[in-house]
1. Which of the residues that make up the stretch 108-158 are within 25 Å of residue 36 (Cα to Cα), out of contact with any His (no Cβ under 8 Å at 6 or more places or on another chain) and part of a loop (DSSP other than H, G, I, E, B)?
2. What is the residue count in the stretch 32-49 for residues that are open to solvent by less than 60 Å² (accessible area, probe 1.4 Å) and more than 17 Å from the chain's Cα centre (by Cα)?
3. Can you tell me which of (1) more than 23 Å from residue 108 (Cβ to Cβ); (2) open to solvent by 60 Å² or more (accessible area, probe 1.4 Å); (3) modelled with pLDDT of 60 or more is the one residue 22 doesn't meet?
4. State which residue is farthest from the ligand (Cβ to nearest atom) when the search covers only the stretch 37-89 and only residues that are over 15 Å from residue 134 (Cβ atoms) and in contact with a Lys or Arg (Cβ under 8 Å, 6 or more places away or on another chain).
5. Criterion first (touching a Leu at 6+ places or on another chain (Cβ under 6 Å), surrounded by fewer than 17 Cβ atoms within 10 Å (Cβ to Cβ) and within 28 Å of residue 48 (Cα to Cα)) does residue 97 satisfy it?
6. Would you please name the residue that is nearest to residue 41 (Cα to Cα), looking only at residues in the stretch 90-107 that are assigned to a strand (DSSP E or B) and more than 16 Å from the ligand (Cβ to nearest atom)?
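The values are calculated or read from the model by the stated rules, or taken from the named source; none is laboratory data. Note that the coordinates shown come from a computational prediction; the quantities given were computed from them, not determined experimentally. When we count neighbours, we look across all protein chains shown, and the Cβ atoms used for this are built from the backbone with ideal geometry, even at glycine. Only protein heavy atoms, including side chains, enter the accessible area calculation; ligands, DNA and RNA are left aside. Shrake-Rupley method; radii C 1.70, N 1.55, O 1.52, S 1.80 Å.
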Amino acid sequence: MTTERDTHMKPTLSLALAALALFAAPLAPAFAGSEDVVVEGAWSRASISVNRPGAAYLTIRNGGDAPVTLNGVRTDLAMMPEIHLSSTNAAGVSSMSPAGEIEIAPGAELSLAPGGMHVMLMELQRPMIEGETFDLTLTFSDGGEVTVTAPILGVAARGPGG
Ligand SMILES: [Cu+2]
């Protein structure tokens, strides 16, 4: 009889749907690597003017066992945030250029620090005021993202440690 089978089937089906919903709960697709990324020590300096770019620094650690590729950065603080590489040529002239995509090996750390790689915050949408914070989202080639809150330190700060 169909009614008997229907009542028998229903709990099993709803249980299966519940399990499926639980599995899909994070909404995001399964990322290949970036879910193991930890971002630490984000900070930036107060800016003198919105007409000058700001810079932010942080450390990205790949705690997984697959390489991850950092391919961009996003923040509502700046229209054009970009990861830059600083270098000094033989004549002692330093310059910077977009870093492009950066692969981070399993277990490796990528440090963005003054004098080296940094997040350049171009086209600031508001002044960077000491004591305030802003959110910075790092994007990875597998579609994963990590958002951190970066404190804005003083104009002469050398790092979050003071
Ligand atoms: Cu730069």
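1. Result: 108, 113, 116, 141, 142, 143, 144.
2. Total satisfying the criteria: 3.
3. Here residue 22 meets the rest and fails (3).
4. 38
5. yes
6. 104
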